[in-house]
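*Asks:* Here you go, one structure.
The values are calculated or read from the model by the stated rules, or taken from the named source; none is laboratory data. Predicted model, so just to flag it, every value in this text is computed and none were measured. Neighbour counts are summed over all protein chains in view; Cβ atoms, including those assigned to glycine, are modelled from backbone coordinates with ideal geometry. Note: areas computed on protein heavy atoms with side chains; ligands, DNA, RNA excluded. Shrake-Rupley method; radii C 1.70, N 1.55, O 1.52, S 1.80 Å.
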Amino acid sequence: MPVLPGAEPYRHEGGEVGVLLCHGFTGSPQSLRPWARYLAGRGLTVSLPLLPGHGTRWEDMALTGWPDWYAEVDRELRALRARCSRVFVAGLSMGGALALRLAAKHGEGVEGVIVVNPANKVHGLSAYALPVARHVVRSTKGIVSDIAAPGRVETGYERVPLHAAHSLRIFFRQVDGELPQVTQPLLLLRSVEDHVVPGADSARILSRVSSTDVTEILLEQSYHVATLDHDADRIFEESYAFIARIAPSVGKEGTAVGG
């Protein structure tokens, strides 16, 4: 299937410091592309992959699950580590959970973690019905474009395949059990008003990780997709400052691939 316009992966060859960006559930690289370009413009090597089943049509996503999504970012991280001397992981929503699992699994191979409105649980009574409901109902209403800024739209699916949502629920439980293995410096940015992921998810993550260098920043003007919202510039600036503090040797600018 052709990839939706703007949902293409993005890669930039920069210096010896690299960052892997992970997009969210039913979303695409479009939601993180401005962030990726900002970091690329400051000399980092950047990888922003398109997760399997995403960026085309929701029916394709119904054939995938969390092992597919995690395998993709794990491959990208290994490629970055082969190219760069120091590597950071970052993500939005489910992408934050992917980044946290990468940190837990790769240990010293990850220098630091940046998460924006990270998800930790599928909430509501409907979550408990997923194991059965997914065999009866194929999809439900989508969760994209929770953005306060007028005129800004997230490229993603208007429907959520229930098979994928069931896999997501299993994934969150898996990651929750692994959070104590996260010891790296952590920057967590959270929207005060988020209609997709409640603040309780961030609180749970902060209470479970073993990191001692932890910074939480509240985003007052944005909804869930804060990387496309009013606070986007702050996210970009704070994340670069976080990376530069831990790895001052940010490299020179290179060339971008993927638009």
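*Asks:* Along the charge dipole of the chain, Cβ charges K/R +1 and D/E -1, which of ALA149, ALA232, HIS54 sits furthest on the positive end?
*Replies:* Final value for the positive-end residue is HIS54.
*Asks:* At what distance in angstrom do the alpha carbon centres of region 1-23 and region 33-58 lie from each other?
*Replies:* 3 Å
*Asks:* Follow-up question, since we're still on this one. Fully extended, how many nm does the chain gain between MET1 and ALA200 (0.36 nm per residue separation, minus their Cα-Cα distance)?
*Replies:* Working: separation 199, 0.36 × 199 = 71.64 nm, distance 3.68 nm.
Contour length minus the Cα-Cα distance gives 68.0 nm.
*Asks:* With the radius of gyration and the Kirkwood radius both derived from the Cα set of the chain, what is their ratio Rg to Rh? Walk me through the numbers before you get to the answer.
*Replies:* On the way: Rg = 16.8 Å, Rh = 17.9 Å.
Radius of gyration over Kirkwood radius for the chain works out to 0.94.
*Asks:* Using only Cα atoms, what Kirkwood radius does region 1-117 have, in angstroms? Write out the running numbers ahead of the final one.
*Replies:* On the way: mean 1/r = 0.0718 Å⁻¹.
Final number for the Kirkwood radius of region 1-117 is 13.9 Å.
*Asks:* Quote the FRET efficiency, to the nearest 0.05, computed for ARG234 versus SER207 with a Förster distance R0 of 30 Å and r equal to the Cβ-Cβ distance. Working shown, then result.
*Replies:* Working: r = 24 Å, r/R0 = 0.81.
E between ARG234 and SER207, to the nearest 0.05, is 0.75.
*Asks:* With equal scatterers on the alpha carbons only and no solvent term, can you work out the Debye log10 of I(q)/I(0) for region 148-259 at 0.16 1/Å?
*Replies:* Debye intensities relative to I(0), on a log10 scale: -1.04.
*Asks:* Okay, moving on. Quick check for you: with a 1.4 Å probe and neighbouring chains kept, what is the accessible area per residue of the chain, in Å²? Walk me through the numbers before you get to the answer.
*Replies:* On the way: 10650 Å² over 259 residues.
For the chain, the per-residue accessible area is 41 Å².
*Asks:* For the pair GLU216/ILE170, report the inter-label distance in nm, with labels modelled 7 Å from Cα in the Cβ direction.
*Replies:* 3.1 nm
*Asks:* Something else now. To the nearest 10 Å², what's GLU111's accessible area with a 1.4 Å probe?
*Replies:* We get 50 Å² for GLU111.
*Asks:* Mind pulling the angle between the C-alpha long axis of helix 94-106 and the longest principal axis of the chain? Nearest 10 degrees, somewhere in 0 to 90.
*Replies:* Roughly 60 degrees, rounded to the nearest 10.
*Asks:* Order these peptides, 213-221, 173-181, by their mean beta-carbon neighbour count within 10 angstrom, highest first. List each step's numbers first, then the result.
*Replies:* Working: 213-221: 14.3, 173-181: 15.9.
Sorting 213-221, 173-181 by mean packing, highest first, produces 173-181, 213-221.
*Asks:* Still on this structure: Where the accessible area of the chain is counted over protein heavy atoms with a 1.4 Å probe, how much of it, in %, is carbon and sulfur?
*Replies:* Working: 5530 of 10650 Å².
Carbon and sulfur together cover 52 percent of it.
*Asks:* Could you size up the charge dipole of the chain around its Cα centre, putting +1 on the beta carbon of Lys and Arg and -1 on that of Asp and Glu, and report it in debye to the nearest 20? If you can, show how the numbers build up before the last one.
*Replies:* Values: 26 positive and 28 negative charges, 111 e Å.
Using only the charged Cβ atoms, the result is roughly 540 debye.
*Asks:* What's the ranking of 163-171, 26-34 by average number of surrounding C-beta atoms within 10 Å, highest first?
*Replies:* Values: 163-171: 20.8, 26-34: 24.8.
Per-residue Cβ counts within 10 Å, averaged per peptide and sorted highest first, yield 26-34, 163-171.
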